[in-house]
Amino acid sequence: MLETAIVGGGLCGLAVANSLLLQGREYTLFEARERLGGRIVTAHSETTGLPVDLGPSWYWPDLHPRVAGLVASLGLESFAQWDSGTVLRRADPNAKPEASTDPVHGGARRLIGGMASLVQALADRLPAATVHTAHELVSVRDAGAHVELQFRTAGGVVAVLTRHVVLALPPRLLDQRVSFEPALDGPIRRAMQGTPTWMAGQAKAVMAYDKPFWRADGYSGTAYASFSQATLGEAYDASDAEGERGALGGFVALSPELRRQYRAGLRILVASQLAGLFGAAAEEGEFIYQDWADEPLTCSTLDQAPLEAEPRYGSLPLRLSHWDDKLYFGGTETAAYGGGYMEGALEAAGRIRRDLSLGWGLAA
């Protein structure tokens, strides 16, 4: 029987596993995908090798001290988001965009090698025998003195017994895809269903180039579009730290349904909008795309609907332990601070570490 099972190999789950490893506690980490990192994904341009982040791209040291501290402790190198030059804002597709030179990213920093380097550094610390990928959780049962978990694997359903379980997964995904016995009570279910999954309904598009040509023309690479026909709602400079290999990243403004309808033509639509802002050279890049709404291990049915307001995270029922301190919820959506950011994932991991330590009679 395991002492602690951690389900979910994103930043929160990896941080909890690293904490338990440092404490000398037994744990096993289970991840449904064949890779670790969850929504932290770094792709590489086939033409230039440039790393491009398709999940989180930035952290802000003043606002995200846990991330900044972890980056420093792992010996990773960061660099400032390019924020120099003209920022464009277009409210009318038939009018010239408004221009300003005010920086907009507020001291944001990126990681050399992409955010996946953070995941890799944490994963490299964990003994291989304690990490199991391609294990999709299907059920959680309170068996009194322990919890029984069932995972779907390529070889069939696997049962695991554990004294504690940390569910470092989006609450809505747990509610939709995992059965609980006994059933979770009403306040917990309502909190799970009412907590939007960060990034789940979003898509990111990147155009990679040999060089950031827009900088020579005085543009920062940042642009905002608020007209209804816009493909990208926001674009930004996604080039490397040296400014040698160029890329323009963007958040797709279309709904998940429209993205699926226009998927074959998305590259043309993105390239056309960028060319209208930064010149014809923007049409000739390599298109890299990630639609999180098409990821069943990220996006629930509820997350397919566009958000009507800024998500609120850190619901109290999701921050408490359950089943006599055997069951814990984690992930950035459960954070009291930094919810929806990597900071929130680390805040949740810290809470779980403290709660588990108290359960073992250790100093927090």
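Points worth noting:
- Complete set of residues in region 279-300 that are in a helix (DSSP H, G or I), surrounded by 18 or more Cβ atoms within 10 Å (Cβ to Cβ) and within 25 Å of the chain's Cα centre (by Cα): Trp292, Ala293
A quick yes/no check of all residues on (1) aromatic (Phe, Trp, Tyr); (2) surrounded by fewer than 18 Cβ atoms within 10 Å (Cβ to Cβ); (3) touching a Leu at 6+ places or on another chain (Cβ under 8 Å):
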residue	(1), (2), (3)
Ser220	no, no, no
Ala247	no, no, yes
Leu258	no, yes, no
Ala264	no, yes, no
Ser272	no, yes, no
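- Selection within region 30-65 - more than 20 Å from Pro296 (Cα to Cα) and outside any loop (DSSP other than H, G, I, E, B): His44, Pro51, Val52, Tyr59, Pro65
- Residue match in region 123-146 (condition: under 22 Å from Ser45 (Cβ atoms), touching a helix residue (DSSP H, G or I) at 6+ places or on another chain (Cβ under 9 Å) and of a type in the set (Lys, Arg)): no
- Residue satisfying condition, being in contact with a Gly (Cβ under 9 Å, 6 or more places away or on another chain) and not in a loop (DSSP other than H, G, I, E, B), within set Ala15, Ala68: Ala15
- Restricted to region 324-336, and to residues there that are crowded, with 18+ Cβ neighbours inside 10 Å and in contact with a Gly (Cβ under 8 Å, 6 or more places away or on another chain), the residue that is nearest to Arg25 (Cα to Cα) is Gly330.
- Verdict on Leu20 being in contact (Cβ under 8 Å) with a residue 40 or more places away in the chain, farther than 30 Å from Glu242 by Cα and assigned to a strand (DSSP E or B): no
- Considering each residue of region 265-278 in turn, none proves to be part of a loop (DSSP other than H, G, I, E, B) and outside the structural domain of Glu308 (by TED's automatic domain parsing).
- Unique match (being within 30 Å of Val157 (Cβ to Cβ) and among the polar types (S, T, N, Q)) among Thr101, Thr133: Thr133
- Verdict on Asp303 being closer than 21 Å to Val178 by Cα and either at pLDDT below 95 or part of a helix (DSSP H, G or I) (or both): yes
The values are calculated or read from the model by the stated rules, or taken from the named source; none is laboratory data. What you are looking at is a predicted structure, and each value in this text was computed from that prediction instead of being measured. Here the Cβ is made from the backbone with ideal geometry for all residues, glycine too, and neighbour counts use every protein chain on show.
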